[in-house]
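The values are calculated or read from the model by the stated rules, or taken from the named source; none is laboratory data. As the structure is a computational prediction, the values presented were derived from the model and not from experiment. Cβ sites come from the backbone with ideal geometry, for glycine too, and all protein chains shown count toward neighbours. Side chains included, ligands, DNA and RNA excluded: accessible areas come from the protein's heavy atoms. Shrake-Rupley method; radii C 1.70, N 1.55, O 1.52, S 1.80 Å.
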Amino acid sequence: MNEKEERILDLSLEEELGGAQPPDLSDRIRWQLAQNSHRQGQIELLQGAPRQSLAAWAGAILGAAAALALIFFTVNFGAGEAQPALSFTVTKGSLRWHSVETSNEFIRPNTYTVFPLLGDRIEARSEEPTVLKLASLGTLEMSSDCALEIEEMKFSEFGKGFVVGAIVVAVAAGSAQFLSGDYTVQAEDGDRLTLEQKDGPVGGDAVGIAGLQAENAELRAENQRLIETSARQRAEGPQAEVVESDAPLEVGVAITYADFSETLEGMDWALMGSAAKDMIPKLQELMKALEEGGDPPIGLAGEIQQLNGQILQSLGQIQDGQIPGTGINGSFTHPVFAANLMNATLEAAGMSLDEAQMRTLQDITGRFAGEDDSRRGSYGDDVLALQELVEEIGLRNRFFEQAKANLTPEQLAVLGNGPDGPGPIDLFSGDPAWQQWTKPVKVNSRSDLASKLTANMLAGMRFDVSTDSAQINKLTEVINNWAKSAPDSYLMKTPGALANAKAFPSANVSAAAQYQTQLFASIMSQVDLSPDQRKMLLKNRGVFIPLYSGK
Amino acid sequence: MAHETDKRLNPSKPSRASGAVHLAQKTPEFDLLALLREHQAEIWRYLRYLGCDPAAADELTQDTFLSVHARPFELRSPGMTRSYLRKVARNLFLKQRRQALQRPRFVDLDEADLCWEQTAADRAGDEHREALRKCMAELGDRPREALQLAFGEGLSRREVAKRLNMRDQGVKTLLRRVKDRLKECIDRRLRS
């Protein structure tokens with residue numbers, strides 16, 4: 001019986017024995033349809049706000065420029081998922097990309113990363129033709145009335161992950177032309193057009209990718225050779241042990257805890273440590289470019305993606321629930337995983353922890369892992385998920401703070417913590433754990449903040465504007481009062497490029513989340529919510545980050 | 001920044017090049033409620049199979065039918081309709097996983113879909129579950145009790161072991177054997 005057949009059997013057993021039957025959602029869906037049509041035109045939804053769920057705030061902006069943030073820590077790339085990213089630069093005109101439930105505008109001269117799905121539609125939006133340079137594929141020119149629909153995608157291996165290798169689109173309207181090397185093909189309304197790299201390189205990206213692939217292959221071969229050498233030396237007995245300190249490294253699990261041993265031992269720490277060591281300076285370089293207002297260099301982003309993919313190769317084990325944490329980055333920042341990655345990174349850089357440092361790190365890790373166990377077991381049903389997240393990441397940050405205090409300045413520099421402190425995103429901090437939950441929204445005043453938040457919550461919590469006026473009025477009042485008393489520090493001023501990458505100062509995000517929990521608590525106590533609405537609020541982990549553009 | 005719109009591209013001119021089931025203008029024969037009655041249970045189970053918990057399966061089943069309502073399709077055959085609905089559900093599931101930065105349970109979703117089609121897609125899996133019921137009736141008391149504790153009461157392996165006065169590993173082995181036996185029995189009954 002394979003995994004899929006077993007899953008079907010398990011669910012059938014749960015249904016037969018546990019009563020986990022499919023519910024009848026007819027009334028709920030009809031109600032939602034009525035709500036949607038009723039609301040249309042009455043509530044201006046927050047830009048990018050998801051249609052259904054308040055809990056999905058943070059995910060709403062992933063489609064557009066903020067997809068850059070995915071490069072660093074997400075699972076979409078490099079983990080074998082069958083939905084790789086596609087990067088492109090709009091060199092002329094503009095277009096709108098319609099996916100399952102979102103629709104994004106892409107304009108010249110920016111570079112974007114999207115996660116295309118079958119059925120996505122791409123519509124030219126300017127009076128002039130629109131031109132896109134598709135990373136590693138070629139150049140697509142769309143007439144001003146052109147509309148395309150994605151019918152097929154082929155993926156190519158890249159590092160440990162995949163990239164979009166070819167896209168077949170149907171021309172639904174207008175005309176399109178695709179150029180790759182010396183190859184040119186035109187398509188009219190009703191034709192199909194295949195976008196793939198033909199003979200010859202397509203600009204610097206293809207060269208860069210080919211180079212990276214070659215380099216990756218070389219590094220893997222070298223890594224394998226080093227592991228084999230190390231294993232042979234150990235097998236040769238005591239004489240080999242004498243020279244082991246000069247031998248190439250085979251990094252294993254430095255610190256284990258409770259039932260984690262099997263999970264940790266299944267991970268390639270040498271590969272992950274090496275990838276983290278190489279990724280950190282590149283990450284800093286990229287973030288610096290963003291901070292200075294430049295466009296993210298595609299080549300650099302690609303290198304980071306590849307290295308990130310190597311770190312994420314442990315995803316499968318982690319996702320089996322062996323390492324606890326909220327979301328995948330919650331597991332990645334768990335003290336036990338983080339301590340081992342820290343050790344592996346330092347090993348890869350030739351700056352291993354000495355015995356005393358290792359003992360200290362073991363003590364710190366054990367203490368914080370135990371505290372995390374207690375923390376997780378202490379929550380009742382009425383605790384906000386956001387409050388739990390604040391406390392989880394707070395614990396992670398305290399762990400990292402103590403773990404870093406155990407290191408020398410040279411070791412800290414390897415981890416991206418130079419004399420001036422960490423950069424905009426610190427791999428060895430709680431930053432990654434926040435990243436997936438933040439939802440930046442531009443506001444120009446406190447009342448703007450209140451109205452956008454109110455609109456978002458009305459939609460997310462499914463208030464009926466025709467019957468729930470008392471609750472809506474109370475909710476509006478609570479949010480207005482809360483926004484008026486928000487500290488100035490809550491209204492962040494972050495450069496646009498960094499905001500798109502969701503690179504906010506961790507302390508500010510923590511403060512914003514903490515402040516938001518006060519709002520949620522006020523809503524729970526003052527607004528007459530239905531059980532479903534309470535549940536939505538309790539489960540919501542999205543952190544609203546108001547990017548203040550006023551004076 | 002994204003806008004939530006459902007702006008169609010030339011709704012009067014659907015893509016000619018799309019496959020057998022393609023997006024089209026709303027047709028008179030499109031009946032959402034009939035579609036719901038017929039297919040919601042399978043879509044919910046399918047989403048559970050892909051890895052959703054019950055609450056997420058509720059949410060995504062709802063979204064699947066809302067999405068289909070917003071962009072209706074031609075009803076051609078029950079099989080094609082089921083396949084199309086699963087495709088919409090799968091896309092929504094992938095999107096949700098992406099936003100939550102979670103990897104799907106199955107890396108190859110095409111293969112997972114094929115397994116579903118072959119195993120559980122018959123009348124929303126009714127025959128499969130009927131066969132399961134009959135097969136469970138053939139089990140001895142202890143295996144049935146282990147299944148009841150693990151799947152009926154949702155106990156962990158450790159808790160099941162404690163209740164049955166067994167070792168963890170023993171429970172693991174017992175459940176594995178029982179499931180293999182059930183699978184074999186179900187296959188035999190479905191074949192016959």
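Across the stretch A:137-148, the number of residues qualifying as within 23 Å of residue A:127 (Cα to Cα) and open to solvent by less than 20 Å² (accessible area, probe 1.4 Å) comes to 6. Scanning the stretch B:23-58 for residues that are at pLDDT 85 or above and facing chain A (nearest Cβ under 7 Å) turns up B:40, B:41, B:44, B:45, B:48, B:49, B:58.
Of the residues making up the stretch A:402-445, those that are without any contact (Cβ under 8 Å) to a residue 40 or more places away in the chain and among the aliphatic types (A, V, I, L, M) are A:405, A:412, A:413.
For the stretch B:182-192, the tally of residues that are farther than 17 Å from residue A:17 by Cα and either surrounded by 14 or more Cβ atoms within 10 Å (Cβ to Cβ) or touching a helix residue (DSSP H, G or I) at 6+ places or on another chain (Cβ under 7 Å) (or both) stands at 4. Looking at A:365, A:345, A:360, which is the one that is of a type in the set (Val, Ile, Thr) and surrounded by fewer than 20 Cβ atoms within 10 Å (Cβ to Cβ)? Residue meeting the stated conditions: A:360.
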